[in-house]
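Asks: Starting off with a structure, shown below.
The values are calculated or read from the model by the stated rules, or taken from the named source; none is laboratory data. Since we're looking at a predicted model, the values are computed, not measured. Cβ atoms come from the backbone with ideal geometry, glycine included; neighbour counts cover every protein chain shown.
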Amino acid sequence: MCPSELCSVAAGPRAGRTGGTTLNRRVIAALAASLLLVTAACSDDDEPEASTSTTAGEASTDSTAAGESTDTTAAADPESALPDVITIGVPLDTSGNPAVAPAGLGQLAGIELAVQEIADTGFLGDTEIELETVDTQGDTQAAVEAVLGFVQDEVDGVVGFALTQSFLAAGPELQTAGIPTMTGGLAAPGVTEVGDFVFRLFPNIGAIAPAADVEVAESVGATTAAYLTQSDVATAAGLQPARKAALEAAGIETVEEQTFASTDTDLRAQLTAIQDSGADVIVASIVSGSQTLVYLQAQELGIDAQIIGSAGVTGDILSQAGDAMQCAVYLVPWAPQSDDGNNAHFLELWGESNDTPPNVFNAYGYGAMWALATAFQEAGSVDGAAVRDALAGLDSVETPLGDVNFQTDRDAGVQGTNIQVQDGEEVVWDPETECTR
Amino acid sequence: MQQFINGLSLGSSCALLGVSVALVWGVLRVLSFAQTQLMTWGAFGSLLALRWDAPVLVAVLAGIAVAVAISAVIDIALFNRLRNQQAGEFAFVVVTIGVAQVLSSVAAMRTENQAVSFPRQGFPVEPLTVFGQNVPRLSVVMMVFTLVAMVVLGYWLQRTRSGMAVRAVAFDAETAELLGINSRRVFATCFMVSGGMAAVAGIFFAASAAQLSHTSNDSLLLVAFAATVIGGLGSIPGAVIGGLAVGMISVYSTVWVSPAFREAVAMLAILVVLVVRPQGILGAKATERV
């Protein structure tokens with residue numbers, strides 16, 4: 001008979017043949033229709049245009065023809081030896097882990113906007129830029145395969161990458177092949193150290209955030225700090241030691257360190273340990289997709305210590321986290337409030353074709369593509385060494401992140417801005433302005 | 001004390017999913033890898049209703065309906081065929097893995113691999129303060145729901161005619177058929193109930209995190225299996241106890257050992273339970289018929 005324990009439905013061996021064989025196709029059809037309805041609803045309301053991404057190993061191209069020049073912003077050099085088509089490899093994580101994909105998708109949108117503008121303005125004359133976009137899926141092996149594909153296809157340059165660990169695995173192949181590479185969204189150290197063909201627009205956050213952290217911590221009179229780190233993302237994991245060292249050097253004692261993984265959905269245990277430590281400030285080294293979770297669960301636990309977070313906050317995150325992010329401070333390499341570089345132009349251009357405001361990923365995708373295009377124009381050819389030298393010699397390139405050059409270690413040297421969330425809005429942090437929760 | 005509450009909070013989530021897995025295992029003898037995707041799709045169904053300004057209760061029901069519909073399709077279109085062909089248990093497991101992949105891929109495609117906002121308005125998300133400790137109100141609701149579900153399932157299985165039919169089919173479907181029980185309907189019903197419960201868990205998780213993605217619940221699959229193994233495969237109360245145990249183990253291993261070893265410690269607990277009491281805390285010893 002059936003097992004005796006209350007409610008247990010476990011029993012003997014499963015029987016073999018069970019019931020009739022005729023399927024009720026009408027039932028299936030009706031249910032399938034309901035599922036289709038749901039799939040239609042799964043997407044965001046603001047669904048962007050179809051992506052050009054493909055999975056690794058299945059590179060596709062998306063060319064944007066250089067249209068007629070609409071202004072005289074930068075007329076092409078008549079002596080230029082640029083070919084009809086410049087092929088740019090774009091390795092980006094546009095699928096896979098949702099904690100990382102927004103960075104890839106955002107960059108891609110920025111890159112495509114830049115390519116369109118380069119074509120529209122005739123910046124490279126009759127030369128058109130063709131993007132060979134590969135979705136690296138947040139996977140290191142996929143990134144390596146993508147780069148090997150670029151080398152085989154003899155692309156003229158590469159712009160992209162969203163994960164430092166993927167780049168560090170794949171980047172040496174680009175260096176060996178002599179392909180000029182402008183990394184977009186890599187915030188960890190060690191990027192330009194791969195070789196002289198590698199440049200970075202996005203700053204090494206580990207080099208600039210610690211000083212900003214100290215400034216914020218001292219402004220609230222902190223003497224102790226706790227650290228929460230997303231340990232499976234190189235950018236976050238690489239940032240934490242530098243932040244800790246800077247704060248300790250400033251006399252701020254470490255009282256707790258906790259980590260979590262991108263797949264974790266409950267951080268209450270870590271946050272409670274941090275709360276119990278009584279830290280005056282909480283330094284959170286986290287990436288975009290985990291920000292909401294951290295802030296909401298910290299608020300839920302009644303944590304009121306000053307949180308010094310990380311870049312990557314988007315409008316969606318502000319909306320999702322709501323007042324849980326009130327007074328949080330974080331350093332951003334790009335702020336929409338900034339009037340540095342050509343940010344105002346970028347905001348206007350973005351607004352012409354998008355209903356939602358741009359985020360940091362859009363900004364540096366746009367800036368990185370323009371920087372590389374400028375180098376091609378300066379070099380007047382697609383010879384890798386010539387483009388590399390042109391990039392290294394650029395004096396001042398206008399980007400949304402400011403006017404930059406790559407003359408110091410091939411790093412644009414962007415310093416960033418401390419941002420504070422006040423009443424759901426991002427404002428430039430001012431230590432004199434009191435923020436109440 | 002707060003960590004104990006955190007453990008109960010996490011455990012209540014694990015318990016609800018564990019009950020869902022236990023029901024499928026208990027009746028269908030299928031270790032379903034699709035349960036976390038049923039959670040996710042149930043949450044997406046609820047999200048759809050919320051975007052249409054439906055009240056929270058209606059949205060929850062909509063999410064349940066979506067998961068139940070998917071479960072029905074899976075059972076009618078796949079499981080039933082496998083049963084008719086007398087496929088082995090492994091075939092069912094592979095099918096659920098495949099279904100999970102398909103559901104995940106479709107959701108990923110439709111959401112462009114991004115986490116989408118899940119509105120929390122109307123959900124009980126404000127924390128309760130009990131004896132100076134912060135208790136997530138949503139977790140309290142989930143715990144109450146889990147306990148109510150356990151009692152209702154128990155009553156259904158033990159006290160109702162249809163529940164007796166379920167138990168009969170679980171024991172021996174062929175004999176049950178000879179006694180006039182429509183085993184096909186029983187299998188479908190159990191899988192749909194299980195899917196509905198997974199959906200509720202998914203909706204609570206999404207509301208707790210204020211966001212939802214195609215991978216939101218993937219990490220919970222192992223947790224759910226751990227809950228059912230510790231509690232006793234197929235035992236509903238065992239799944240609840242197992243879920244709470246897994247929650248506690250996860251929290252205290254995070255605090256006392258390392259977050260990096262959280263899953264490892266949970267798996268170690270499974271190993272210990274399997275060695276000491278192979279049938280789990282409340283599981284029945286397997287009987288061989290001759």
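Asks: How many of the residues in the range A:208-262 are assigned to a strand (DSSP E or B) and within 14 Å of chain B (Cβ to nearest Cβ)?
Replies: The qualifying residues number 10.
Asks: In addition: Testing residue A:422 on (1) under 30 Å from residue A:220 (Cβ atoms); (2) touching a Phe, Trp or Tyr at 6+ places or on another chain (Cβ under 9 Å); (3) modelled with pLDDT of 90 or more, one condition comes back false. Which one is that?
Replies: Result: residue A:422 passes all but (2).
Asks: Need at least 1 residues that are touching a residue at least 24 places away in the same chain (Cβ under 8 Å), more than 17 Å from residue A:159 (Cα to Cα) and within 21 Å of the chain's Cα centre (by Cα) per element, so show me which helices (runs of 4 or more DSSP H) inside the range A:338-410 make the cut, counting only ones lying wholly within it.
Replies: A:343-353
Asks: Identify, by number, the condition in (1) in contact (Cβ under 8 Å) with a residue 12 or more places away in the chain; (2) facing chain A (nearest Cβ under 10 Å); (3) assigned to a helix (DSSP H, G or I) that residue B:194 doesn't meet.
Replies: In the conditions (1) in contact (Cβ under 8 Å) with a residue 12 or more places away in the chain; (2) facing chain A (nearest Cβ under 10 Å); (3) assigned to a helix (DSSP H, G or I), residue B:194 misses (2) alone.
Asks: Cβ-Cβ under 7 Å, sequence separation 6+ or interchain: first residue in the range A:150-168 and over 13 Å from residue A:181 (Cβ atoms), partner among the charged types (D, E, K, R) and crowded, with 20+ Cβ neighbours inside 10 Å. Which pairs?
Replies: Short answer, once both residue conditions are applied: A:153/A:132; A:162/A:93; A:163/A:93.
Residue by residue, here is whether (1) part of a helix (DSSP H, G or I); (2) not acidic (Asp, Glu) holds:
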position	(1), (2)
A:292	yes, yes
A:297	yes, yes
A:304	no, no
A:313	no, yes
A:322	yes, yes
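Asks: Scanning for something more than 21 Å from the chain's Cα centre (by Cα), facing another protein chain (nearest Cβ under 9 Å) and under 26 Å from residue B:80 (Cβ atoms), does the range B:148-165 turn up at least one residue?
Replies: Yes, the range B:148-165 contains at least one residue that is more than 21 Å from the chain's Cα centre (by Cα), facing another protein chain (nearest Cβ under 9 Å) and under 26 Å from residue B:80 (Cβ atoms).
Asks: Name the residues in the range B:172-191 that are buried (at least 19 other Cβ atoms within 10 Å of the Cβ) and away from every other protein chain (no Cβ under 11 Å), would you?
Replies: B:189, B:191
Asks: Quick one: in the range A:279-297, of everything that is within 18 Å of residue B:2 (Cα to Cα) and touching a strand residue (DSSP E or B) at 6+ places or on another chain (Cβ under 7 Å), which residue is farthest from the other protein chains (Cβ to nearest Cβ)?
Replies: A:279
Asks: Considering only helices (runs of 4 or more DSSP H) fully contained in the range B:6-121, which possess at least 1 residues that are without any contact (Cβ under 8 Å) to a residue 60 or more places away in the chain, farther than 18 Å from residue B:212 by Cβ and more than 9 Å from chain A (Cβ to nearest Cβ)?
Replies: B:56-74, B:80-84, B:89-111
Asks: Checking the conditions here, which among B:138, B:128 is within 22 Å of residue A:266 (Cα to Cα) and in contact (Cβ under 8 Å) with a residue 60 or more places away in the chain?
Replies: Just a single option satisfies the conditions, and that option is B:138.
Asks: Turning to a different aspect of this structure: For residue A:412, state whether it is under 30 Å from residue A:125 (Cβ atoms) and in contact with a helix residue (DSSP H, G or I) (Cβ under 7 Å, 6 or more places away or on another chain).
Replies: No: the conditions fail for residue A:412.
Asks: A further question follows. Scan A:261, A:284, A:245 and give me the residue that is surrounded by fewer than 19 Cβ atoms within 10 Å (Cβ to Cβ), in contact (Cβ under 8 Å) with a residue 12 or more places away in the chain, assigned by TED's automatic domain parsing to the domain that holds residue A:311 and within 20 Å of the chain's Cα centre (by Cα).
Replies: It is A:261.
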